[in-house]
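Contents: one structure, followed by commentary.
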Amino acid sequence: MDRFTDRKVLVGIAAAVVLLGASSLWFNRRKRIPPKKTSLKTQLSYEQAIKNFQEAFLVSKEHMLLIKQSMEDEFKLGLSKVGENDRKSSIKMLPSYVDVIPSGKEMGVMYALDIGGTNIRTLKCELDGYGNIKSIFIRKRFVSDELQKGSAEQLFDFIAACVSDILDDVTEENKIGFTFSFPMDQSSIDSGVLIKWTKGYTTSGVEGNDIVHLLSEAFRRAGINAKITALINDTVGTLIASAYEVADHNTMAGVILGTGTNACYVEQKANILKLEPQVEEGVMIINTEWGNFDSPEYNVLRPTQYDIVVDKNSPNYSSQHFEKMVSGMYLGEIVRLALLELSQSKLFSHNGAPPIITPHMFGTAYLSEIQRDDTPKLENVEALMNRIGLPNTTYDERRLLKELCHAVALRSARLVASAIAAIVDRVGKKETECVVAVDGSLYEHYPGYGDNIQEGLRELGFEHVILRLTKDGSGNGAAVAACVMSK
Ligand code: GLC
């Protein structure tokens with residue numbers, strides 16, 4: 001073949017290759033199913049959507065064990081000497097300076113003050129010496145959003161006014177037990193510096209300051225003759241109220257499952273290595289502040305995309321990760337974010353409706369109500385939806401919503417079970433009866449929530465744990481603390 005024929009052959013081959021390529025491309029294009037304009041989510045059936053939620057919010061036994069172990073490590077790190085480790089524990093493990101566990105025999109008429117969420121409660125009660133805390137009266141006042149986000153002076157003047165309302169005798173100094181349910185650095189039973197606000201509070205001029213000092217100043221401004229003799233966290237209140245009531249020395253921990261979540265427990269002083277000076281004898285209640293677990297890393301709890309958004313939109317971004325997946329302030333918000341996605345993908349109607357697009361408008365109380373509905377067509381859920389401005393829902397939509405709420409609340413309960421197991425292990429009570437006092441609206445009112453914690457504990461081999469509802473433990477405990485600690 002001459003060079004010319006050579007070139008002709010090469011051109012021919014090249015043309016054939018191009019042609020082949022083009023036709024195969026054309027053929028393949030014809031074969032390929034073009035993407036639909038609608039997103040993949042719209043192709044989901046209700047069944048698939050339910051399954052997806054169940055999977056996304058699942059906390060398996062293996063995951064519970066991992067959380068439990070990781071929490072125990074954080075407890076240990078949190079108790080160690082300050083500055084001894086290169087990393088700080090995400091669980092603060094704050095000494096409460098409550099080192100006497102009530103016997104139930106203490107007697108006296110006490111005043112107490114309790115602030116920690118949307119309400120302030122002031123109470124007067126009598127400890128009768130037989131384990132009964134008889135309430136003489138209780139007053140409850142709402143803490144407005146303005147107060148929660150205002151200045152220290154406004155907030156503490158309001159608290160002082162609430163106290164002034166309940167005091168009978170102003171001629172002599174009134175001793176008051178004070179439950180302040182936020183993380184505090186304490187160096188004595190009657191003082192405490194707020195470390196960081198949680199649960200949506202952002203009041204200025206309080207972080208880094210002594211709460212008792214701020215309140216005493218407010219008492220002085222208002223001419224109130226009163227003294228805070230015990231300052232405690234609500235978990236500590238719950239533990240000691242329960243210990244007073246059952247007086248059996250088995251109450252080893254106090255847990256709050258309400259707007260926020262936290263736990264305290266009875267620790268040997270010898271194990272609190274950061275205590276100055278170091279003490280070998282006796283016990284002290286440790287306020288764990290477990291709500292901050294796995295912050296800021298967020299790699300043990302395995303958040304969903306909704307949890308990430310909840311955290312981003314919160315005033316305390318990158319902290320309180322455990323609390324944001326567990327407590328009443330956030331569960332409704334997680335469901336709302338999932339609903340928002342469903343409504344955009346047409347699995348739930350009312351795209352753009354206020355309860356779906358407005359942050360925190362879908363409250364956790366709705367979740368309880370939805371969960372409680374056992375009617376065949378979920379008529380009560382329908383009535384609730386009508387009431388809050390989401391009318392004409394289909395049965396499928398309601399069913400999906402109920403399953404979603406269940407998945408979110410079940411995850412919360414199983415996370416709590418892992419955390420309680422970590423505490424029970426820490427106090428060495430896995431094999432014996434161990435009472436955990438619990439207070440808070442989520443625990444008290446969410447249908448089946450306590451049973452789900454108990455089931456999780458059983459799965460982990462902690463069948464001896466007794467969860468004891470300790471109603472009003474937070475406030476009553478302040479009265480008990482004032483009585484016990486003044487002795
Ligand atoms: C938040 C607070 C904590 C409190 C808990 C329950 O986590 O930081 O101190 O005990 O809420 O009210």
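The values are calculated or read from the model by the stated rules, or taken from the named source; none is laboratory data. Everything numeric in this text was worked out from a predicted model, so none of it was measured. All Cβ positions, glycine included, derive from the backbone under ideal geometry; neighbour counts span all protein chains shown.
Is it the case that region 123-142 has a residue that's within 16 Å of the ligand (Cβ to nearest atom) and closer than 30 Å to LYS312 by Cα?
Looking through region 123-142, none of the residues is within 16 Å of the ligand (Cβ to nearest atom) and closer than 30 Å to LYS312 by Cα.
Write out, first by first residue and then by second, each pair whose Cβ atoms fall under 9 Å of each other, whose residues are 6+ apart or on separate chains, and whose first residue, in region 92-106, is farther than 22 Å from GLU276 by Cβ while the second is basic (Lys, Arg).
GLU106/LYS487
Within region 373-389, which residues are under 17 Å from PRO447 (Cα atoms) and part of a loop (DSSP other than H, G, I, E, B)? Spell out how you get there, then give the answer.
Filtering region 373-389 for residues under 17 Å from PRO447 (Cα atoms) gives 373-375, 378, 380-381, 384.
Within region 373-389, ASP373, ASP374, THR375, LEU378 meet the criteria.
State whether one or more residues within region 326-335 are more than 25 Å from GLY389 (Cβ to Cβ) and in contact (Cβ under 8 Å) with a residue 12 or more places away in the chain.
Initial filter on region 326-335 (more than 25 Å from GLY389 (Cβ to Cβ)): 326-327.
Among the residues that remain, those that are also in contact (Cβ under 8 Å) with a residue 12 or more places away in the chain are: 326-327.
Checked against the condition, which is being more than 25 Å from GLY389 (Cβ to Cβ) and in contact (Cβ under 8 Å) with a residue 12 or more places away in the chain, region 326-335 yields at least one hit.
So is ASP145 touching a residue at least 40 places away in the same chain (Cβ under 8 Å) and either more than 16 Å from the ligand (Cβ to nearest atom) or in contact with a Leu (Cβ under 7 Å, 6 or more places away or on another chain) (or both) or not? Don't jump to the end; show me each part of the working.
Values: touching a residue at least 40 places away in the same chain (Cβ under 8 Å): no; either more than 16 Å from the ligand (Cβ to nearest atom) or in contact with a Leu (Cβ under 7 Å, 6 or more places away or on another chain) (or both): yes.
No.
What is the residue count in region 313-339 for residues that are farther than 15 Å from ALA56 by Cβ, crowded, with 16+ Cβ neighbours inside 10 Å and not acidic (Asp, Glu)?
Within region 313-339, the first condition is being farther than 15 Å from ALA56 by Cβ, and the residues that meet it are 313-324, 326-330, 332-333, 336.
From what's left, crowded, with 16+ Cβ neighbours inside 10 Å: 314, 316, 319-324, 326-330, 332-333, 336.
Those left that are additionally not acidic (Asp, Glu): 314, 316, 319-322, 324, 326-330, 332, 336.
Counting residues in region 313-339 that are farther than 15 Å from ALA56 by Cβ, crowded, with 16+ Cβ neighbours inside 10 Å and not acidic (Asp, Glu) gives 14.
Just name the residue that is surrounded by the most Cβ atoms within 10 Å (Cβ to Cβ) out of those in region 170-198 that are more than 13 Å from the ligand (Cβ to nearest atom) and not in a strand (DSSP E or B).
Out of the qualifying residues, it is ILE189.
Pairs only if they're at least six apart or on different chains, beta carbon under 6 angstrom, first in region 188-199 and within 16 Å of LEU155 (Cβ to Cβ), second among the polar types (S, T, N, Q) and more than 9 Å from the ligand (Cβ to nearest atom); list them, first residue then second.
GLY192/GLN186
Would you mention how many residues in region 442-475 are crowded, with 17+ Cβ neighbours inside 10 Å and within 15 Å of the ligand (Cβ to nearest atom)?
The qualifying residues number 7.
What's the total number of residues in region 100-122 that are away from the ligand (no atom under 16 Å from the Cβ), closer than 28 Å to GLY260 by Cα and of a type in the set (S, T, N, Q)?
Here the count works out to 1.
Here is a list: VAL109, VAL98, VAL82. Which entry is modelled with pLDDT under 95 and touching a strand residue (DSSP E or B) at 6+ places or on another chain (Cβ under 6 Å)? Outline the logic, then answer.
Values: VAL98 fails: modelled with pLDDT under 95; VAL82 fails: touching a strand residue (DSSP E or B) at 6+ places or on another chain (Cβ under 6 Å).
Just a single option satisfies the conditions, and that option is VAL109.
Let me confirm something: among LEU79, LEU155, LEU65, LEU113, which residue is farther than 19 Å from VAL193 by Cα, in contact (Cβ under 8 Å) with a residue 12 or more places away in the chain and among the hydrophobic types (A, V, I, L, M, F, W, C)? Working first, answer last.
Numbers: LEU79 fails: farther than 19 Å from VAL193 by Cα; LEU155 fails: farther than 19 Å from VAL193 by Cα; LEU113 fails: farther than 19 Å from VAL193 by Cα.
Criteria check complete, one pass: LEU65.
Read through the list (1) out of contact with any Leu (no Cβ under 9 Å at 6 or more places or on another chain); (2) in a strand (DSSP E or B); (3) closer than 22 Å to HIS213 by Cβ, then give the number of the only condition that SER164 fails.
Looking at each condition in turn, SER164 falls short on (2).
Among the residues of region 309-329, count how many are more than 11 Å from the ligand (Cβ to nearest atom), assigned to a helix (DSSP H, G or I) and within 14 Å of GLY291 (Cβ to Cβ). Steps first, answer last, please.
At the first step, the residues of region 309-329 found to be more than 11 Å from the ligand (Cβ to nearest atom) are 309-315, 317-318, 321, 325.
Retained after the next criterion (residues that are assigned to a helix (DSSP H, G or I)): 309-312, 321, 325.
If we keep only those that are within 14 Å of GLY291 (Cβ to Cβ) as well, we get 310-311, 321, 325.
Residues flagged as more than 11 Å from the ligand (Cβ to nearest atom), assigned to a helix (DSSP H, G or I) and within 14 Å of GLY291 (Cβ to Cβ) within region 309-329 amount to 4.
Take the conditions within 14 Å of the chain's Cα centre (by Cα) and away from the ligand (no atom under 16 Å from the Cβ) and apply them to VAL408. Does it pass? So that I can check it myself, show each step before the final result.
Working: within 14 Å of the chain's Cα centre (by Cα): yes; away from the ligand (no atom under 16 Å from the Cβ): yes.
Taking the combined requirement at face value, the residue satisfies it.
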